[in-house]
Amino acid sequence: MVSLVPSLTEAVARSAPGALAGATDWCTHPPGLDVVRVGGTKNPKTERIISLAPDLVIANEEENRAPDLAALRAAGVEVLVTEIRDVPQAFRELARVLTACGVTVRPRWLDEAEETWSSLPEPRTRLTAVVPIWRRPWMVLGRDTFAGDVLARLGVDHAHATHPDRYPRVPLEELRASAPDVVVLPDEPYRFTADDGPEAFPGLPCALVSGRHLTWYGPSLAEAPRVLGRALRAARP
């Protein structure tokens, strides 16, 4: 099998060791994964994937491009495409992917992750947030995103949740003018750091968060509420 989605790579590698023959250059978990690398999520080397003769290629409708998936199908490769827009859907799709990969016993990490999210207490307060995912140009979370649902379940309502676009470009001046309670700066896809991001929002609390825990749907879901909650609290002591 070949995975074109980093979080699903981690899920499959944890649940079906040895099942993966290939993964993208961005598939960093689990550490030390020894498989053939097939390029990026947006520019996979389709000929290399085909040469591996996989039983299945695992993809995502947002992370991977339709023309690449069509090229694989045209070569006779079966492609499973996931769609994940919120936390409950993530658990359903993870179960579907693992079943397709031949996993017959539901992995413990999946039960633990689902229990973690189903037992979250109701947030005592709610914060408003701006959530950039890129700069030059500035882009933010918009409507109908997995990361937006993750934050909402932790008591953080992002300012562009009803925007017509899922990842709109918004001028920095407009982001500042919205005066959110917190600016959430993940370290992927753009790698915001203490020296690259907060300086653009003078006077506003900035939470530097793990992009893996904000945007990945896999084993990291089990610890995501704790890791993200700690980062959000640190921004507003």
Unit-weight point scatterers at every alpha-carbon of region 7-121, Debye formula, q = 0.15, 0.20, 0.22, 0.24 1/Å: log10 I(q)/I(0) is -0.67, -1.16, -1.37, -1.55
Taking the dipole of region 127-235 about the Cα centre (Lys, Arg +1; Asp, Glu -1; charges at Cβ), the one of ALA222, LEU154, LEU185 that reaches farthest to the positive side is ALA222
Residue-normalised 222 nm signal for the chain, counting each DSSP H run of n ≥ 4 as -39,500 (n - 2.57), nearest 500 deg cm²/dmol, is -9500 deg cm²/dmol
Convex hull around the C-alpha positions of the chain: the volume in Å³ per residue is 124
If every Lys and Arg gets +1 and every Asp and Glu gets -1 at its Cβ, then about the Cα centre region 28-133 yields a dipole, in debye to the nearest 20, of 220
Taking 0.36 nm per residue of separation between LYS42 and ALA95 and subtracting their Cα-Cα distance, the length gained on full extension comes to 16.6 nm
Along region 167-179, Karplus-curve 3J(HN,Hα) (6.51, -1.76, 1.60; θ = phi - 60°) to the nearest Hz, with x for Gly and Pro, reads 9, x, 8, 10, x, 4, 4, 5, 5, 5, 5, 6, 6
For the chain the mean separation of alpha carbon contacts under 8 Å (6+ apart) over residue count, i.e. relative contact order in percent, is 16
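A short reminder: the numbers here are calculations on the coordinates, not readings from a lab. In this text the structure is predicted, and so the values were computed from the model without any measurement. Note that we place each Cβ from the backbone using ideal geometry, even for glycine, and neighbour counts take in every protein chain shown.
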